[in-house]
């Protein structure tokens, strides 16, 4: 599978997708403060979130190990922003769709790293809460915030609109890749 085929697969799957060199991604360690303030209630409760996912520099280096990233966006309907259950369902729909695409890439021997829209939800609750090993270490993913990626600047760099219609919510993620363009 080539990078272009992966981009096409994302688009067929209903995602906006754009390619960016990883050296164009803006990392801002200050975003880690959002994690430390536990704004999403996941801090220290999952292997994919701080502090267990790695330091800000370790996370940045995981992405920079790859030459390019396919940045993806989906706009999901959301009637009421206060409906946290609907918000989580929409986020999960984005991540599940992207994880299926990542699995296709891996089935074609493509080396890739998925950075999700929100923290990993492969196991609920995360095995960290039971002090057990992660059963999915190769599939586990962290959110863009844990990587300290400035999503707004990333969207601008990729020319993907950060805004959506009033009754929708946008989710961004990326697949970091090392592959040929052919």
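The values are calculated or read from the model by the stated rules, or taken from the named source; none is laboratory data. The shown structure was predicted, so the numbers you read here are calculated from the model rather than taken from an experiment. Here Cβ is always computed from backbone atoms with ideal geometry, including for glycine, and neighbour counts include all displayed protein chains.
Below, the figures for the structure above:
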{"quantity": "Candidate set from region 133-153 (those that are in contact (Cβ under 8 Å) with a residue 24 or more places away in the chain and outside any loop (DSSP other than H, G, I, E, B)); member that is farthest from residue 16 (Cα to Cα)", "calculated": "142"}
{"quantity": "Leading residue by the ranking (nearest to the chain's Cα centre (by Cα)) among those in region 100-121 that are closer than 16 Å to residue 68 by Cβ and assigned to a strand (DSSP E or B)", "calculated": "115"}
{"quantity": "Given (1) out of contact with any helix residue (DSSP H, G or I) (no Cβ under 8 Å at 6 or more places or on another chain); (2) within 16 Å of residue 62 (Cα to Cα); (3) surrounded by 15 or more Cβ atoms within 10 Å (Cβ to Cβ), number of the condition residue 138 does not satisfy", "calculated": "(3)"}
{"quantity": "Pick from region 1-23, criterion loosely packed, with under 15 Cβ neighbours inside 10 Å and under 17 Å from the mean Cα position of the chain (by Cα), ranking: nearest to residue 115 (Cα to Cα)", "calculated": "21"}
{"quantity": "Failed criterion for residue 45 (all others in (1) in a helix (DSSP H, G or I); (2) touching a helix residue (DSSP H, G or I) at 6+ places or on another chain (Cβ under 9 Å); (3) surrounded by fewer than 18 Cβ atoms within 10 Å (Cβ to Cβ) hold)", "calculated": "(1)"}
{"quantity": "Which numbered condition residue 35 fails, given (1) exposed (fewer than 13 other Cβ atoms within 10 Å of the Cβ); (2) not in a loop (DSSP other than H, G, I, E, B)", "calculated": "(1)"}
{"quantity": "Some residue of region 56-70 being assigned to a strand (DSSP E or B), farther than 25 Å from residue 107 by Cα and either touching a residue at least 24 places away in the same chain (Cβ under 8 Å) or out of contact with any strand residue (DSSP E or B) (no Cβ under 6 Å at 6 or more places or on another chain) (or both)", "calculated": "no"}
{"quantity": "Per-region count, region 67-123, residues farther than 22 Å from residue 21 by Cβ, touching a helix residue (DSSP H, G or I) at 6+ places or on another chain (Cβ under 8 Å), crowded, with 18+ Cβ neighbours inside 10 Å and at pLDDT 90 or above", "calculated": "1"}
{"quantity": "Residue match in region 154-174 (condition: in contact with a strand residue (DSSP E or B) (Cβ under 9 Å, 6 or more places away or on another chain), at positive phi, in a loop (DSSP other than H, G, I, E, B) and crowded, with 18+ Cβ neighbours inside 10 Å)", "calculated": "no"}
